[in-house]
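The values are calculated or read from the model by the stated rules, or taken from the named source; none is laboratory data. Only a predicted model underlies this, so the values are computations on that prediction, with no experimental measurement involved. Methodologically, a virtual Cβ is constructed for each residue, glycine included, from the backbone with ideal geometry; neighbour enumeration extends over all protein chains shown. What goes into the accessible areas is simple: the full protein's heavy atoms, side chains included, and nothing from ligands, DNA or RNA. Shrake-Rupley method; radii C 1.70, N 1.55, O 1.52, S 1.80 Å.
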Amino acid sequence: MAKFKHVFIIGIDGAGHGFKYADTPRMDEIFAHGATTYDCLTAIPTISAECWGSLLIGVTPEVHELTNDIVGTNGYYNSAARNDKLDPSKFVRRPKEAELPTIFKLVRNVMPDAKLSAFSNWTPINDGIIEQDIDVHFDCGGDQALTDKICAEIKAEKPTLFFVQYDSVDGVGHSTGYNNDIYYAKLHEIDDYMGQIYDAIVEAGIADESLFIVTADHGGIDHFHGGTSDEEKYVFFGAAGKGVNEMEIKDMLIRNIPAITCEALGVPGNPTWDSKVPEGFFKK
């Protein structure tokens with residue numbers, strides 16, 4: 001049985017557990033009575049494709065085998081023509097696609113009429129991880145332009161599942177270093193975007209029926225990531241919604257997000273994954 005009608009997953013590339021130290025008044029407000037942790041263990045290696053793949057598919061990188069090169073050039077579905085009528089015979093399908101569907105595919109299997117959306121700064125998520133032939137609305141853009149599109153999409157379509165990825169925090173980390181004042185200032189800016197998105201959910205009249213999640217794919221140290229330092233492998237995870245218990249989550253893994261999403265929407269999970277809902281996460 002579904003616990004929510006809508007799930008919103010907002011991923012902040014490179015944010016690590018920086019929200020713990022940045023000034024984030026909107027996030028503090030949104031997750032004040034939610035389920036949170038600054039010690040969500042992401043995928044190893046702490047590289048974008050490996051981590052976003054685990055977040056969307058529910059398995060480790062050793063299983064899904066996605067890399068930045070693969071999702072950028074020969075993903076599950078290799079197409080730059082998002083939202084066009086694509087010829088399925090031209091899709092470059094990897095052998096594991098059928099047995100390792102994303103949460104979008106799992107939801108589509110059960111809800112043929114559901115509105116599904118994925119808006120990302122980093123387009124290889126749209127092109128190389130999420131299935132192209134299941135009627136997902138894809139879009140991309142810079143931070144403010146993307147936020148405007150996201151808010152408009154929420155109000156107009158009230159999506160069942162909406163995944164969002166912001167890339168600029170990771171860009172700041174690579175250019176000026178992670179975990180410094182400039183990096184935290186960018187997280188403060190992102191906090192405002194999180195508030196705008198949440199306000200759009202409220203304005204759409206679906207806040208009481210929505211699970212709102214914010215997390216990250218990885219953190220960073222110095223100007224880099226990809227290793228196993230605490231700064232790289234532990235990320236913030238927050239979930240807010242009327243059916244979520246107020247708690248500090250123990251032993252949270254990034255690959256648990258698909259199980260959380262499926263249970264929230266009342267959708268069967270993939271029996272081959274190792275994704276699970278943290279104990280006590282949902283209210284009984």
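Structure values in brief
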| quantity | calculated |
| --- | --- |
| Length-normalised contact order of the chain in % [C-alpha pairs under 8 Å, at least 6 apart] | 38 |
| Theoretical FRET efficiency, 1/(1+(r/R0)^6), r = Cβ-Cβ of Ile182 and Val202, R0 30 Å, to 0.05 | 0.45 |
| Candidate values (i) 43; (ii) 25; (iii) 35, label of the one derived for percent of Cα pairs over 29 Å apart | (ii) |
| Nearest-0.05 FRET efficiency for Glu246 and Glu157, computed from C-beta distance (R0 25 Å) | 0.25 |
| Length-normalised contact order of region 160-271 in % [C-alpha pairs under 8 Å, at least 6 apart] | 22 |
| Approximate spin-label separation Glu99-His174, in nm, with each point projected 7 Å along Cα-to-Cβ | 3.3 |
| Proximal aspartates and glutamates to Lys250, defined as alpha-carbon separation beneath 17 angstrom and excluding residues fewer than eight positions away on the same chain | Asp39, Asp230, Asp274, Glu279 |
| Calculated FRET value between Glu189 and Asp230, using beta carbons and R₀ = 30 Å, to 0.05 | 0.75 |
| Above-threshold pairs, the threshold being 24 Å between Cα atoms, out of Lys158/Lys242; Lys20/Lys283; Lys5/Lys186; Lys3/Lys149; Lys158/Lys186 | Lys20/Lys283; Lys5/Lys186; Lys3/Lys149; Lys158/Lys186 |
| Apportionment of accessible area to carbon and sulfur, the chain, percent (1.4 Å) | 50 |
| Phi to ³J(HN,Hα) by Karplus 6.51 cos²θ - 1.76 cosθ + 1.60 over region 122-134, Hz, x for Gly, Pro | 9, 5, x, 5, 5, 7, x, 10, 7, 4, 8, 10, 10 |
| Segment Asp148-Asp133, length gained on full extension (0.36 nm per residue, minus Cα span) | 2.8 nm |
| Computed [θ] at 222 nm, helices only, for the chain once each DSSP H run of length n ≥ 4 contributes -39500 (n - 2.57) | -10000 deg cm²/dmol |
| Under the Karplus curve 6.51 cos²θ - 1.76 cosθ + 1.60, θ = phi - 60°, whole-Hz ³J(HN,Hα) for region 48-62, x wherever Gly or Pro sits | 3, 4, 4, 6, 5, x, 5, 5, 8, 10, x, 9, 7, x, 4 |
| Relative contact order, percent, region 211-284 [alpha-carbon distance under 8 Å, six or more residues apart] | 29 |
| Calculated P(r) tail over 16 Å for region 126-196, as whole % of Cα pairs | 57 |
| Accessible area (Å², per residue) of the chain, counting only protein heavy atoms and a probe of 1.4 Å | 40 |
